[in-house]
Amino acid sequence: MDEKEKIINAYKAMVLSRTLDKKIVMSQRQGRVGFYTPTMGQEATQVGLSMALEDQDILFEYYRDVPLMLHRGVDPGTIIDQIMGNSSDKEKGRQMPSHYTARDHNFMSVQSPVATNLPLAVGAAYSIRYFKRDGIVLATFGDGSTSTPDFHAALNIAADFDLPVVFLCENNKWAISLPVEKQTRAEIWKKADAYGMRGVKVDGNDLLEMYKVSKEEIDRVRVDGKPVLIEAVSYRMGPHSTSDDPSKYRADDVKEGSDKDPIVIAERKLKMLNYIDDQTIEKIKTDAKERIDRIFDEREKIAPPAPETMFQDVYENSNWIIDEERGEIL
């Protein structure tokens, strides 16, 4: 795949994610989905970094990384199954919505308490180093996570042991309703200095800039095996979750379709490169909507997990207590 095709495919992933995002939010308002954490506004951050990753890399994501998953080839149906908790959901409806996993694409299961994925990512990186395997580890998190003990412990250990971890802080300016300037006086990327590791800051709304910086930093991690903290400054255009009302605590500084919208920025730059035109943009968006509508309608018809599945994958061998409990529902 040449560079032009790679960038166009990245733009398509951004559009697909935005389309899926809006579909799920609308469906939640209609009572067809219970809960969701929107990702609108963070598409360029995630896809730009994903462009620099390789298949063998291991990802410890957080609950707002749908664009990252889609760009790496996770089928939208897999994400919708998990949101709905239907019988095709690989987690069998047991996990909270927006707590994804995709083992076939090296995505680990999302951890519910923020930043608890970071020490796990460090452990995985230690395993890579110990067993001399290929690949690096990516750990993603929001700006609010940088105020947790797990953030500090993970960075300290990764730097102390020279582990191949990319820490991506998706600074969307808000930890639910708390603005980033209220939780920390220091710029997040500068916190890397305290642990003796590299830190960089990048415009997370600019796909091409995000890709450029990510590739430089990730390539460096592959060579020297040392960690890096990337602060990608973006903006959470939607609510923290479908249970949140952002109008209570902020004015919408970045709106969909505005000059600060990462998809609009990507379109403007790709047009300047003569990679796409208005007709191509319209077709990409139309195709994305038709695809998401079709997949969503298909997944919505899938039945919920059978009651007996709650006993699966818990104990290796059954016992009389489990057998008795199973008998009460069958």
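Between HIS71, PRO119, ILE302, whose Cα lies farthest towards the positive end of the dipole of region 3-329 when Lys and Arg beta carbons carry +1 and Asp and Glu beta carbons carry -1, centred on the Cα centre?
Final value for the positive-end residue is HIS71.
How large is the dipole of the chain about the Cα centre if only Lys and Arg carry +1 and Asp and Glu carry -1, each at its Cβ, rounded to the nearest 20 debye? Mind showing how you got there, number by number?
Values: 45 positive and 56 negative charges, 139 e Å.
It works out to roughly 660 debye.
Looking at region 3-329, what % of its DSSP beta bridges pair antiparallel, to the nearest 5?
10
Quick one: which of LYS191/LYS255; LYS12/LYS255; LYS173/LYS248; LYS6/LYS271; LYS22/LYS260 span more than 25 angstrom between C-alpha atoms?
LYS191/LYS255, as the Cα separations exceed 25 Å there.
What does the C-alpha gyration tensor say about the overall shape of region 78-211? Classify as rounded when a/c is under 1.5, otherwise prolate if a/b is larger than b/c, or oblate. Intermediate results must be reported in sequence, preceding the final value.
Details: a/c = 1.83, a/b = 1.25, b/c = 1.47.
Oblate is the answer for region 78-211, as a/c is 1.5 or above yet b/c matches or exceeds a/b.
Long-range amide H contacts for ASP57: which residues qualify at under 5 Å (H placed 1.01 Å from N, peptide plane, sequence gap of 5 or more or a different chain)?
Under 5 Å from the amide H of ASP57 lie the amide H atoms of ILE136, each far enough along the sequence or on another chain.
Let me have the relative contact order for the chain, percent, based on Cα pairs under 8 Å that are six or more residues apart.
Relative CO of the chain lands at 23 percent.
Using only DSSP helix segments of four residues or longer, with each worth -39500 (n - 2.57), what per-residue ellipticity at 222 nm results for the chain after dividing by its residue count and rounding to 500?
Numbers: 11 runs with 143 residues, N = 330.
Taking each H run of at least 4 residues, the total per residue is -13500 deg cm²/dmol.
What is the Cα radius of gyration of region 3-329 over 2.2 N^0.38 Å, N being its residue count?
1.02
Bear in mind these aren't lab numbers, they're just calculated from the coordinates by the rules spelled out. Since the model is a prediction, treat every value here as computed from it, not as a measurement. Positions of Cβ are generated from backbone atoms using ideal geometry, with glycine treated the same way; all protein chains shown enter the neighbour counts.
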